[in-house]
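Q: Right, I'll just put the structure down here and ask away after.
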Amino acid sequence: MMDPETRQALFGYALRLGDTSLVLGHRLSEWCGHAPELEEDIALTNVALDLVGHARLLLAYAGEVEGEGRDEDRLAYRRDVLDYRNHLLAEQPNRDFGHTIVRQFLHDAWAVELYDRLAGSTDAGLAGIAAKAVKEVRYHVRHSGDWLIRLGDGTDVSHTRMRDALERLWPCTGEMFERDSAEDRLVAAGIAPDPAELRAAWNARVAAVLAEATLERPADGWMQKGGRRGEHSEHLGYLLAEMQFLPRAYPDAVW
Amino acid sequence: MDRKDWPLFEIFIRPKNGLSHKHVGSLHAADARMALDNARDVYTRRGEGVSVWAVPAASIAASDPSDKASLFEPADDKVYRHPTFYDIPPEVKNI
Amino acid sequence: MYTQGLDGKAERGVQSSPGASPRLVSAEDLHFQERIDAEEKIEPRDWMPDGYRRTLVRQISQHAHSEIVGMLPEGNWITRAPSLRRKVALLAKVQDEGGHGLYLYSAAETLGVSRDELVGQLLSGKAKYSSIFNYPTPSWADIGAIGWLVDGAAIMNQVPLCRCSYGPYARAMVRVCREESFHQRQGYELMLALATGTAEQKRMAQAALDRWWWPSLMMFGPSDDQSAHSAQNMAWKIKRFSNDELRQRFVDATVPQAEFLGLTIPDPELRFDDQTGHYAFGAIDWTEFNEILKGNGPCNRERIEARRKAWDDGAWVREAAAAHAAKRSRRALKKAG
C-alpha cells in the first residue's frame, strides 16, 4: 500500500507527463492539412496521434491514482492554466516547420531516455505505459532528428531558420531536468528515473544530432521555468480556450 | 514558388514473415531514408507490414507491354512444364 | 471522399452521336474496347486512347484534390474536439484523407503527369475538386454530418470505382474503401451522441443535417440527362453506375438512418413510394451547385488560400531537404572515389 505522500507525488508526476504529451500532441495536430508536403503531413499526424494516445493513458492513470473520480477528459478539459503541469517547451507555438521540428526533437530526445528508464519503474502502472510509449518515441526521435539534420545542413535559408529556432527554444529545455521534493520521493522508491541521469543521455544525443546538422549548441544561459508548477507562458491559455471550448460551453453535455 | 518534385519511390511491403514483399504504391521523398519513414507512415498505419523496401522509380527496368506476346505467350503452350501433363496410374501414391 | 461529374467535357476517343451507337475510330481503339468489354484491366504502359488517358488524369486528380481540400473543413475541428477519444478519431480520419489523396496522386502519376504539376493546377485554381468542401463547418455537429452524409455519399461513388478498368486507380480505390469503412461510422456515432444528448446538442445536429443534406445529394453530380460524358465513361468502365442511380441508392440508405436519429430531413416532398420501393425526393437546386462550382461558394477562396499557404510556407523545407539529399550523395561519391 502506497503512503499518501508518494501517492500524491505519483499523481503529480503522471499529470506532468500526461499534460506535456497532450499539449505537444495538440500543437502537432494543428499541422494536419497544412504541412510542407503530403507525406510529412501524414507523418506529423502519426506523431500527434501517438502523443495524444500517451496523454490519454497517463491522464487516466493520474485520475486513478488520485482516486477522486476524475477521468482523462475531466482532467484534460476542466482544468485551467494554473492547474496544467506541462513543460513550457510543449506549449510553444508552431511558428514554422523549423520551430516545430526543433521543439519536437528537444522533447523527443528527452522522452526517449525517460520512457526507456520508466519502463523499468517499480510502479506497474507507469511501467506499462512507458513500455508502450518507448517504442513509439524511438521512432519520433528518429523522425525529428532526421529532419533537424536535413534542415540544419540543407540550404542557407534553412540553416538560419533552424539556428534561430534552436536559440529561441533552448531556454525552455532546462525545466525538463528539474527535480523537486516530490520527485526525490519517487526516485528513492524506484518509481521515477533520476532527471540528472536523463540529462547526460539527452546531452549526448543532442550533441550528436546538432553536429550532423552543422548547428551549434546554444549556451546554457538563463532557463525559463515554471510550467511544471502551473506558471505558464501566454500561449497555453489560448490553446486551452480552443481545446476546452465545447465542454466549457455545454457543461452538461456528453459527446 | 518551388516547382521541383522530390523523386518518386515505389514501395514494397512484406505483410508478414514468410511472404514476399508486395508492391503497394508509391510516394515522394527527398532521400531513401525519408522514403522508408514515409512508407511506414503512409502505408502501414493499420499494421499492414513488417518490412519495407523503397526503390527509386527511375531505377526500375520494366518490360514493354507491346512485347507481351513474344515474351509471355510462348509459355502458354509449354504444357509439359506442368505436372498435369503426365499420366500416372491412380494407384501410384505419393507422386 | 469523392463526387462525380465535376466538369463535363466529353472525350472523343469514341465518337458518339445522339441515337446512334458509338463509332470506333481506329483498329487500336477497337482492340482497346474489346479488352475493356472483356473486363481486362488496363495497366500504365498499355496503349490507350488519348481521351481515356485525359479522362482518367482529370478524374483521378480531381479525386485526389478533393481528398486534400477535404482535410480542411474537418481539420477545422481537430483542435476543438470535445473529448480525447473524439480528438484521436477525427485526427486519424483527416489523416486518412491525406493518405487517400496521396494514393490517388500516385495513381495519376502512372499516367505520365507529375504530382507537382497536378498540385500546381489545384493551387492556380485551374483544377476542380468536390464542391462539397466549399461549405463551412461552423459547429461540431458538422463533423458528424460530414462523416455520416458526405462520407456516405462518397462510399456510394467509390465502391464501384474499385472495379474501374484502369488498374492503378482500381487498386488505389480498394485501399481507400477499406480504410474509409470507419469514417462513416465515426460520423454517425457522433451524430447519435448529439441526437440523444441535450436540447442544445440536438439542435446542433438538426441544423447540420439541414445544411448538409442537399449538398450531399449534389455530390452525385448532374442528372443523367444533363451529364455530358456519362455514356463514354460507362463504355470505358471508368464509371459503372449513373449519377441518378447512385443518388437514389444514397437516399434509400440514409433516410432510415435519419429516422433512427430522430432528425428531420429538410425535404417536404420526401416520401416512400410503395410502387417503386424507393424514396421519392424533391427537386435539387442546381443553380446553387453551379454557382459553387464557378467559385462562388461560401469557402472556395479560403480553401485554396489555405492550400497555397501550406505550399508556399513549405517551399523552404522542400528545397532544404532536396539540397541536403544532394549534398549527402555528393559526399558519398567523394568517399567512394
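The values are calculated or read from the model by the stated rules, or taken from the named source; none is laboratory data. In this text the structure is predicted, and so the values were computed from the model without any measurement. All Cβ positions, glycine included, derive from the backbone under ideal geometry; neighbour counts span all protein chains shown. Protein only, heavy atoms only, side chains kept; ligands, DNA and RNA dropped before computing areas. Shrake-Rupley method; radii C 1.70, N 1.55, O 1.52, S 1.80 Å.
Q: Take C:Arg247 and decide whether it is away from chain A (no Cβ under 14 Å), open to solvent by less than 10 Å² (accessible area, probe 1.4 Å), part of a helix (DSSP H, G or I) and among the charged types (D, E, K, R).
A: Details: away from chain A (no Cβ under 14 Å): yes; open to solvent by less than 10 Å² (accessible area, probe 1.4 Å): yes; part of a helix (DSSP H, G or I): yes; among the charged types (D, E, K, R): yes.
Against the criterion (away from chain A (no Cβ under 14 Å), open to solvent by less than 10 Å² (accessible area, probe 1.4 Å), part of a helix (DSSP H, G or I) and among the charged types (D, E, K, R)), C:Arg247 qualifies.
Q: Where residues in segment A:207-220 are open to solvent by 50 Å² or more (accessible area, probe 1.4 Å) and part of a loop (DSSP other than H, G, I, E, B), which of them is nearest to A:Ser158 (Cα to Cα)?
A: Result: A:Thr214.
Q: Within segment C:92-108, can you find the residues that are open to solvent by 10 Å² or more (accessible area, probe 1.4 Å) and either within 16 Å of A:His34 (Cα to Cα) or outside any helix (DSSP H, G or I) (or both)?
A: Result: C:Ala92, single match.
Q: Right, another one. Kindly establish whether A:Tyr84 is buried (at least 23 other Cβ atoms within 10 Å of the Cβ) and without any contact (Cβ under 8 Å) to a residue 60 or more places away in the chain.
A: On the way: buried (at least 23 other Cβ atoms within 10 Å of the Cβ): yes; without any contact (Cβ under 8 Å) to a residue 60 or more places away in the chain: no.
Answer is no for this residue.
Q: Within segment C:68-91, is even one residue hydroxyl-bearing (Ser, Thr, Tyr), within 14 Å of chain A (Cβ to nearest Cβ), in contact (Cβ under 8 Å) with a residue 40 or more places away in the chain and farther than 24 Å from A:Glu39 by Cα?
A: Just the residues of segment C:68-91 that are hydroxyl-bearing (Ser, Thr, Tyr), to begin with: C:79, C:83.
Of the ones still in play, those that are also within 14 Å of chain A (Cβ to nearest Cβ) are C:79, C:83.
Remaining after also requiring in contact (Cβ under 8 Å) with a residue 40 or more places away in the chain: none.
No, segment C:68-91 contains no residue that is hydroxyl-bearing (Ser, Thr, Tyr), within 14 Å of chain A (Cβ to nearest Cβ), in contact (Cβ under 8 Å) with a residue 40 or more places away in the chain and farther than 24 Å from A:Glu39 by Cα.
Q: Can you find even one residue in segment C:291-301 that is surrounded by 13 or more Cβ atoms within 10 Å (Cβ to Cβ), without any contact (Cβ under 8 Å) to a residue 40 or more places away in the chain and in contact with a helix residue (DSSP H, G or I) (Cβ under 9 Å, 6 or more places away or on another chain)?
A: Within segment C:291-301, one or more residues are surrounded by 13 or more Cβ atoms within 10 Å (Cβ to Cβ), without any contact (Cβ under 8 Å) to a residue 40 or more places away in the chain and in contact with a helix residue (DSSP H, G or I) (Cβ under 9 Å, 6 or more places away or on another chain).
Q: In segment A:114-153, how many are away from chain C (no Cβ under 14 Å) and assigned to a helix (DSSP H, G or I)? Write out each step before concluding.
A: Start the filter on segment A:114-153 by keeping residues that are away from chain C (no Cβ under 14 Å), which leaves A:114-135, A:137-142.
Still in the running and assigned to a helix (DSSP H, G or I): A:114-118, A:124-135, A:137-142.
Qualifying residue count for the region: 23.
Q: If you go through segment A:68-101 one residue at a time, how many are outside any loop (DSSP other than H, G, I, E, B), within 14 Å of chain C (Cβ to nearest Cβ) and of a type outside the set (Ser, Thr, Tyr)?
A: Restricting attention to segment A:68-101, the residues satisfying the condition of being outside any loop (DSSP other than H, G, I, E, B) are A:72-77, A:81-83, A:88-91, A:97-101.
Still in the running and within 14 Å of chain C (Cβ to nearest Cβ): A:72-77, A:91, A:97-101.
Okay, now just the ones that are also of a type outside the set (Ser, Thr, Tyr), so A:72-76, A:91, A:97-99, A:101.
Residues that pass the stated criteria total 10.
Q: Continuing with the same structure: Among what's in segment A:9-67 and is of a type in the set (S, T, N, Q) and open to solvent by less than 10 Å² (accessible area, probe 1.4 Å), pick the residue that is farthest from the other protein chains (Cβ to nearest Cβ). Reasoning before the result, please.
A: First pass over segment A:9-67, keeping only residues of a type in the set (S, T, N, Q): A:20-21, A:29, A:45-46.
Right, trim to open to solvent by less than 10 Å² (accessible area, probe 1.4 Å) and you get A:20-21, A:29, A:45.
Numbers: A:Thr20: 15, A:Ser21: 11, A:Ser29: 5, A:Thr45: 4 Å.
The residue in question is A:Thr20.
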